[in-house]
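Each reported figure results from applying straightforward, stated rules to the coordinates on display, with no laboratory input. In this text, all values refer to a predicted model and were calculated from it rather than measured experimentally. Virtual Cβ from ideal backbone geometry, glycine too; neighbours counted across all protein chains shown.
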């Protein structure tokens, strides 16, 4: 445990700023031996800079100790629903870091970056094939930025049709990720929430009733956040198009259907993918990700800039679509992530992607049957990539909340599932094992969940106190928000 | 092409063998995998998809090594800057950032097993606040331009005004992204060539430091002019230059954004990038993105003693997953790992090292500019104090000068001759940093002299 609690100290109380000592340094800087130019006038210069002073070894030990206080997919099973935490192939990191890719300047002429650009072009073509949507921009840095791009594309298309003034609403299911309504609002639309029907699918009657000339788009997550397929979505797409609106697809859960059905064939107009989910690029504790946006021919002129194109002279270039919504970033997106995703696609091929979706769905169903009877299953039917249990039985009978169950799972060596989402499931426990977990790992996870369900009846207090074996216990989140301490300078002033 | 063993696992990334699958299918109660997809529309199932065949790992490495080799090499002299600068990155930054407990973690929703990510993010916020002179930093946004767009949206929320002003010279990409992001809210974007045009209609004045053509900006008079009209000052600052320059907060800025990529690693064609975003305390609850706060354990540790210190995501009532359509931004996944690399680089350099590196950059750039200005036929138009980028006018038109440098194996600076600033007329914008090898500067000076001799 020495790495987890070095010297038994209150490790979190001492930041790098509180370690080392004046005059120590982790790296040196070459001296300038040429002719010295006077510095600018003093009023333009800084007079103080407070940063840690650590030797190289101290700095390395500090961050190594921090890494030991983290849990990643390389540490163990990580069934965080809707996040598709699967194993991240190491070769993807290796190829993305090759010096030729690393050194490319974002403003370099296309001729100097053909290796990067051709890789992006082939990724673009692969994503178009896999989604059945012919036009793709790789620019969005994450799913939420892809969503913003997609909704702004719809905005611009409506503007060109002269209908933007009247079409001010976007319909969003109540099971959607929070980014969907937040994006719709950011793009200037009002959000109308669509309830989920008893079988876990979109409430068709409400959609039909709401669809009128004030609707710009319907945002649908497919498969949805309950792990279920929206049956008849291809018919709903027809209704939406008949009403003059667009069907936006949140492709966060693409992992479940890769190689088996395509958004374009189903009638989706525009979809974003999360390459840090389905295409297994590492999540990095909160990014970088990539959220490419894929669309129909009709919406192609509105794609964000840049788009990767092969020109007639055989040179691959970045271009601006004719009626583009514009740039989303100063440069071209999270290119390093895109190279990793390309490597993943090439390592798998079509058969591999089909094997991914097949095994991901089988693993989720295997977990579903292993836990059946121990936890409530509000939508009790076969699922796709994930299964959403409810801890409401444990709450009613033993006063144990989903929160407690999640924390106790840490003591069994697992990362907890997503909790309290989707919002429509009481005490939700949303579990997505992904295809990269072997059956034994799923069985061990299920055994731990069963043991916790039994413990909830026998010893609820232990669950309330969990985790007991983590590097740190439950933290006072209310205090953190009530009296925010957000930087070392404040923490120091307090002491 | 791979050759999986009959009955074996379908791929190295997928462990279940045929026997495992058969056992699992039986337990689930279906005959085959296809049965699990029965809800998908039959007519559209299993379409023809044209993807290239799978590659084994050695084949994949060979292919991408070949591709990487098709880019111009790292050893080729290159003087492009304009928003992306080659820096000397300490080896410890890449080493520590590649630890898989950091790399393969998700967003830290479970703080008990995410203290590595959370405490590192608190370090990042502390470093960003120190450099920028702000009170609150988030954990980072996508890149400088989208962070600046978010700053404009925050300013319009805070002031309830319907227009934003951007002061030239500013990166054209920043202008583009601000336009994209503010379209939904129906905001007016004014591009100013003088601070005199700022008015009470504007929510904020956005100023780049150093500016797009390299000059160091005296922020204080701009802050005063903006504040006189109730306008917030947003500064888009290069965090590396802030090792030397006065902090924007000290000069009166209200919000500071910046690009962190260059202190995190190689340019990598622009991304992954890192958008710095920090503000004064009054804007804390209007901030976009994740924020980490310090707190204590709720209970004493099992082995006794005082509750220990830990870190959590906080002020989450601003965020999309709680507030949904009333959130301050839709941002979720951003650039955590790049923020970690940025933090380690800055902390490895420390207060002395960062200042020394920034001064070295300043000295090397000024020395290179002086050598070029001394060549017959060349001038470096003067725009006052500058940091690492300078304008060069040569004996031939810019396009020709750039082309002739390329023919000599040298990547020229950006052609800015079509800009409105008089000093940019007929000029290329060159960047020289602390990481530009001496031999590259020598090669540039030699090539420029030879071009003049031919002209």
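Any idea what angle helix B:18-28 forms with the longest principal axis of chain B, computed on alpha-carbon atoms, 0 to 90 degrees, nearest 10?
70
Arranged by the count of other C-beta atoms within 10 angstrom, fewest first, what order do B:24, A:258 take?
Ascending Cβ contact count within 10 Å gives the list B:24, A:258.
Expressed in nm to one decimal, what extension gain is obtained for the pair residue A:174 and residue A:90 from 0.36 nm per residue of sequence separation less their Cα-Cα distance?
26.5 nm
For labels at residue B:185 and residue A:369 in the simple 7 Å Cα→Cβ model, what's the distance in nm?
The two pseudo-label positions are separated by 5.3 nm.
Considering all alpha-carbon pairs of the range A:74-190, what whole percent are spaced by more than 17 angstrom?
Distances greater than 17 Å cover 73 percent of the Cα pairs.
Based on the mean of other beta carbon atoms within 10 Å per residue, what is the order of A:435-443, A:144-152, B:129-137, B:209-217, most packed first?
In decreasing order of mean packing, A:435-443, A:144-152, B:129-137, B:209-217 become A:144-152, B:129-137, B:209-217, A:435-443.
Can you work out the FRET efficiency for the pair residue A:476 and residue A:447, with r the C-beta to C-beta distance and R0 = 35 Å, to the nearest 0.05?
Efficiency computed from Cβ-Cβ geometry: 0.65.
Can you bin chain B into rounded, prolate or oblate? Criterion: square roots of the alpha carbon gyration tensor eigenvalues sorted a ≥ b ≥ c, rounded for a/c under 1.5, prolate for a/b above b/c, oblate for the rest.
Verdict is oblate for chain B.
Calculate how steeply helix B:336-373 sits against the longest principal axis of the alpha-carbon atoms of chain B, using the helix alpha-carbon long axis, and give the answer as 0 to 90 degrees to the nearest 10.
It works out to around 20 degrees.
If packing is taken as the average count of other Cβ atoms within 10 Å, what order do A:51-59, A:177-185, B:180-188, A:286-294 fall into, highest mean first?
A:286-294, A:177-185, A:51-59, B:180-188
Note down the relative contact order for the range B:374-454 as a percent, whole number, built from C-alpha pairs under 8 angstrom at least six residues apart.
Result for the range B:374-454 is 32 percent.
Quick one: order A:283, A:272 by neighbouring beta-carbon count within 10 Å, fewest to most.
A:283, A:272
Just need the relative contact order of the range A:91-347 here, percent rounded to a whole number, with Cα pairs under 8 Å and 6+ apart.
Numbers: 526 pairs, mean separation 76.3, N = 257.
Relative contact order of the range A:91-347: 30 percent.
When only Cα pairs under 8 Å and 6 or more residues apart are kept, what is the percent relative contact order across chain A? List each step's numbers first, then the result.
Numbers: 912 pairs, mean separation 90.7, N = 495.
Result for chain A is 18 percent.
Round to the nearest 10 and give me the degree value, 0 to 90, for the angle of helix B:172-182's Cα axis relative to the longest principal axis of chain B.
Around 50 degrees separate the two axes.
Tell me, in nm to one decimal, what length is gained between residue B:442 and residue B:23 on full extension, where the rule is 0.36 nm per residue of separation less the Cα-Cα distance?
Length gained, residue B:442 through residue B:23: 144.0 nm.
Please check which bits of the range A:183-212 a label hung off residue A:381 would reach, taking the label as a point 7 Å along Cα-to-C-beta and the cut-off as backbone N under 11 Å.
A:197-202
Per DSSP helix of 4 or more residues, -39500 (n - 2.57); summed, then divided by the residues of the protein assembly as shown. What does that give at 222 nm, rounded to the nearest 500?
-11000 deg cm²/dmol
With r as the distance between the Cβ atoms of residue A:494 and residue B:418 and R0 = 56 Å, compute the FRET efficiency 1/(1 + (r/R0)^6) and round to 0.05.
Numbers: r = 53 Å, r/R0 = 0.95.
Computed FRET efficiency for residue B:418 and residue A:494 comes out at 0.55.
So, in Å, what gap is there between the alpha-carbon centers of the range B:242-282 and the range B:394-415?
When both Cα centres are located, 31 Å separates them.
By counting other Cβ atoms within 10 Å of each Cβ, how are A:32, A:488 ranked from fewest to most?
Result, fewest neighbours first: A:32, A:488.
Specify, per residue and in Å³, the volume enclosed by the convex hull of the alpha carbon atoms belonging to the protein assembly as shown. Walk me through the numbers before you get to the answer.
Working: hull volume 147.4 nm³, N = 950.
Normalising the Cα hull of the protein assembly as shown by residue number yields 155 Å³.
Report the label-to-label distance for residue A:241 and residue A:298 in nanometres (one decimal), using points 7 Å from each Cα along the Cα→Cβ vector.
0.7
For residue B:88 paired with residue B:284, estimate the spin-label separation in nm (one decimal), with each label point 7 Å from Cα along the Cα-to-Cβ line.
3.9
Can you give the FRET efficiency to the nearest 0.05 for residue A:165 and residue B:43, using r as the Cβ-Cβ distance and R₀ = 30 Å?
That pair, residue A:165 with residue B:43, gives E of 0.20.
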